[in-house]
Each structure stands twice: as structure tokens, then as C-alpha cells.
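Notes follow once the structure below has been shown.
The values are calculated or read from the model by the stated rules, or taken from the named source; none is laboratory data. Note that the coordinates shown come from a computational prediction; the quantities given were computed from them, not determined experimentally. Using ideal geometry, Cβ is built from the backbone for each residue, glycine included, and neighbour counts are taken over all protein chains shown.
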Amino acid sequence: MSIGQTQKCTLPQETRQANRISILGFNKTLTEWLILFTGPVLYFLILALPIGDSITARGGLAIIAWTAWYWGTGAIPTGYCIFIPLLGTAFLPGMDWGKITQSLIHPGIGMILGPALIVCMWCRWGFTRRMALYCLKHVGTSVRAQAVTWLILATTTSFVAANVVIAIALTPIALEVLKNVGYDSGAKLKNSKSAMLIIIAVGVGASLGGFLTPMAGGQAVITWTQLCQTLGITVSMASFTSRMALPVFLSIIPVVILFGLVFPVDARHFEGSTAFFESELKKMGPISRAEVWGVVIFFLAILLPFLQPLWTPYLPQGVNVPPALIFSVVVGILALLPAPDAGAPVGKPMAYEKGERLLSINAFKVCPLQAFLIWPTAMSISILVNDTGASKLMANLLGSYWDKPAFIGVGLFVLFCVLLAQPASDTGAAGMLAPVVAAATVAAGQNPVPWLLMMGYTVNFSFCVPTATGTMALPIALEGKASWRLPVYGAVCAAVCGLVSWLFWGLVMQNNWTFWQTL
């Protein structure tokens, strides 16, 4: 590198350092500080607004706005937003601190953490790497075929495991593939249309499949839990999945077309990747017993809730075993069972330790704590929005979409959900809207089922910002940096999926298709 080039690289960095302001040891630009302080300003501004009859109800809305602002702007690490419900309620009269802290432990959290930790265990023993390499070995070097494969692989695996875990499990494998064909840095990835297509396919796919089952993501478990509470019954997972199968698969079709035909690429083919897939798969050798055990136990955990109507009659009368408890018990068993061998010889994040359990500390190290803290935050908000009375206040602001003609009401509601989901994240939007939609529809004498399913399904299309759970694949791949391609590609994907949601649910409401209106 020449002297001139060195100066060109260092001067902007020096300028950026000079423009940073240090407060309490935190160095940020003026813009970053303004974004950070805008969150609490929004909170106190909403408290002062002359809406509603209660400052506590306005406080519930203020907590939603503050959290959504930080999630959307990335002003602080997403996990730290867990403190906002605690801080926000400190200024509200009549709020019980103990109840607020309890709200962070949602009754459905086991349905998220269980499958998520099992996928972390897969990553620990090398199965996620083996699964991806085996699929990709047969795809070839076509850039678009690779992108569609990663999209479908991420989508299908996120049917039954949390989308953030799928993004975190698959992104390192995709990076390794891209590294082998020359994209060995974040800058090279960012400057390549083809490489970015692969990375964004992982993120969008991990989000896209997040509503087929209640275990697929925070937005799904929040919706499922709200349905159970509103209807006063435990909605079976089979019933939930059977309703969502058709709309979920319909939404996949246009996104596959976008990645397979529309989004731009640098070249039609990568070089040498097929040989890499095959050689890396050979290095892994035969599938290990640790991998087999992990897969078998995972599918057993998945099948038990789906088959619950078959085995529940054999339980003692009055005994209720919710799906969250099943996954929690399975995780406990995995933490006790010793690993039968050292797993695959490559692809693990750390070395095997003698006597290691199937779900060990090493597997927990794979778990992205910051990402997981989004869920208890959103779930806490979904409880607080009722406890503060914000649900009634927000219901008035939301509007009565159910009183309008089917396609008009559904269209406006879908548009509202899609727009809110982009900055607030899929889980955050569901946490805010689920109790509000439930309370508003019941108060209006409407059937809450289709509107709650419509809401959860639509906010799942949160593709524009890297703080959404699946799209965290992007900052992972780009070494913490952002790219304009995510909001642009994400907006197009969200628009076509929103169109699918409008047409599907509009037909459901217009023709009164009872299958999607009952559970």
C-alpha cells in the first residue's frame, strides 16, 4: 500500500474519533447521542400527552414507543432493552414491582428456549454444518441456486426452531462457503452482490419460516399464548400449524422468485465451491452418535406436543402438560445425558471435554444471549400493555378494521402490521399488538381468532432491520456493520409477503372460511 493510500485510510478514522463525544466513558457521535436520548424523551412526551384518562395507560404506550425506538435504531444492544419495562414502570402509579419483574418470565418461554438450545447443541456437535454441507454439495456453483437453497434451508429449519438460532447456526457455515471462493472479509462480502444475496437469503429465510409452529419464534409463541388466554383453552400445536401451513407456504413462493430471478448478482456462478462442499463433508466422516442423539431427541420433543391429543387421555385426571413444560423437561434431560462420543471432528466451536453432556456449557456458549433477551422484553410488554390499561387506549388509536368491508379492513390492518414490524422487529410488534388486538376484537363482539392469526403471520415479515431476529445474520456476517441492501431487499420481500397476507386473509374474511376462523 502506498503512503498516499495509508493517509487516505487513516484520516477519516482520525476525523471520526475527533467528532466523538465521551460521556461516562461511552464514546459516541452527536447523532448517536441524540438517537439514544430520543428514547426516554419519547417516553416522557407520551406521558404528558392529553390522551386517555390514566397516566399509567399512557405509560404503557410510552414503554412500547421507547422500546420500539431502540430496537429500530439500534441505539443500544438489543438485549439491554430488557430494562426498559422495569425503568418505564417506575414512574407509573399503581404498578407492582414484583409483578413487573415476573412479567419477564413468560409462560411460553420454554417453547422458544427449548428448541433454540437444542439447535445450539446441534451446532456444538457439528450437525448443523453437516446438514448444510450435505444439501449444498448437490446444488452446484450457481449463485442463484445457492441463494435459493440457503433461503429454503433457513426457512424450513426455522419452522420448528427459533429464527435467531437458525440465523446464528447457518450464517457461519455460509461464511465459510463464501470464504472458500474469495470473500474472506466483511468488506469483500459487503461489496459483492452475489455474496450479499447469500447472506440476506439466510436472514430472510430464518425470519420467513417463523410462524408455522408456536416454537418457530417469539412472535409465534406470543400469538399462540394470546390465543390460549383469549379463548380460555390450550390451543393444540397441531391445530395452530394446520391453520398456518397454507398461508406460510404461499408467502415463501414470491420470496423464492425474488432471490431466484430478481435480486441482482455479480456473476452467474461461483468458482470451486462444489469441490469445497464435498471435501469438507468428507472431513466430517460418518455421522457421530452425539449428532444422532441430538436429532432423535429433538424430533421426539417436537412430536410429543403435536401428538398430545393421543397421549393426554392416559394422564391422571386434572394433569395438564403444556408444550412449554415438555421442552423444558427435554432440555433438562439433555443437560444430564453424557455425550456418547466427541461428535463430528470439524465444525464445532470448541474442543471436546471429557465427560461433557449433550447440552453442556460449551453448547450454551453458542447461544446468543443478546438476541434471546429480545423475547422476554417483548413478552413483558405484551403483559404490561394489559396491566397498565394501554391495551384499551391503543385499541382506540388502532381503529376498528373489523367493521370495514373485508378487503379494506384486512388491507389496512395488514399494512399497519407490516409497517410496525419493520422498526419494532417481529417479536416486538407481536408483543405490542397481541393483547391489544385480542382486547379490541372481544370488546367489539368480533371473533379474535382470525385477527390474531393475521397479526402474528404479518408481523413475521420483519426483514428490513438487522435487529429483527432472523436478519441478525447480516451483522454477524459483516463484522457488526450494516448494508443498504438489507432494508432495500427486505422492503421488497415485506411488500410481496404483505400482499400475500392481504389476499389470503381478505378471502378468508370475505368468504367466511371457518377453518381459519376457529381453533
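The table below gives the values:
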quantity	calculated
For residue 317: the one exception among (1) of a type in the set (S, T, N, Q); (2) more than 23 Å from residue 181 (Cβ to Cβ); (3) touching a helix residue (DSSP H, G or I) at 6+ places or on another chain (Cβ under 8 Å)	(3)
So residue 211, is it assigned by TED's automatic domain parsing to the domain that holds residue 168 and in contact (Cβ under 8 Å) with a residue 24 or more places away in the chain	yes
Counted residues, the stretch 510-519 - those being assigned to a helix (DSSP H, G or I) and either in contact with a Leu (Cβ under 6 Å, 6 or more places away or on another chain) or closer than 18 Å to residue 227 by Cα (or both)	4
Hits in the stretch 272-291 - residues which are more than 24 Å from residue 358 (Cα to Cα) and either free of Cβ contacts under 8 Å to residues at least 60 places away in the same chain or not in a helix (DSSP H, G or I) (or both)	272, 275, 279
Enumeration of residues in the stretch 40-54 that are at negative phi and either surrounded by 22 or more Cβ atoms within 10 Å (Cβ to Cβ) or in contact with a Leu (Cβ under 6 Å, 6 or more places away or on another chain) (or both)	43, 46
The one condition in (1) part of a helix (DSSP H, G or I); (2) farther than 29 Å from residue 164 by Cα; (3) touching a residue at least 12 places away in the same chain (Cβ under 8 Å) that residue 92 fails to fulfil	(1)
Filter result for residue 169 (small (Gly, Ala, Ser), in a helix (DSSP H, G or I) and assigned by TED's automatic domain parsing to the domain that holds residue 260)	yes
Contacts under 8 angstrom Cβ, first residue in the stretch 433-452 being touching a residue at least 60 places away in the same chain (Cβ under 8 Å), partner of a type in the set (A, V, I, L, M) and assigned to a loop (DSSP other than H, G, I, E, B), 6 or more apart	449/519
Some residue of the stretch 141-159 being surrounded by fewer than 20 Cβ atoms within 10 Å (Cβ to Cβ), within 29 Å of residue 237 (Cα to Cα) and within 20 Å of the chain's Cα centre (by Cα)	yes
Extreme residue, modelled with the highest pLDDT, among residues of the stretch 435-453 that are closer than 13 Å to residue 231 by Cα and of a type in the set (Gly, Ala, Ser)	438
Residue satisfying all of: in the stretch 46-56; modelled with pLDDT under 85 and not hydroxyl-bearing (Ser, Thr, Tyr); farthest from residue 432 (Cα to Cα) among these	53
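For every residue, the table says whether it meets (1) at pLDDT 70 or above; (2) under 22 Å from residue 476 (Cα atoms); (3) part of a loop (DSSP other than H, G, I, E, B).
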| residue | (1), (2), (3) |
| --- | --- |
| 355 | yes, no, yes |
| 362 | yes, yes, no |
| 371 | no, yes, no |
| 379 | no, no, no |
| 385 | yes, no, no |
| 395 | no, no, no |
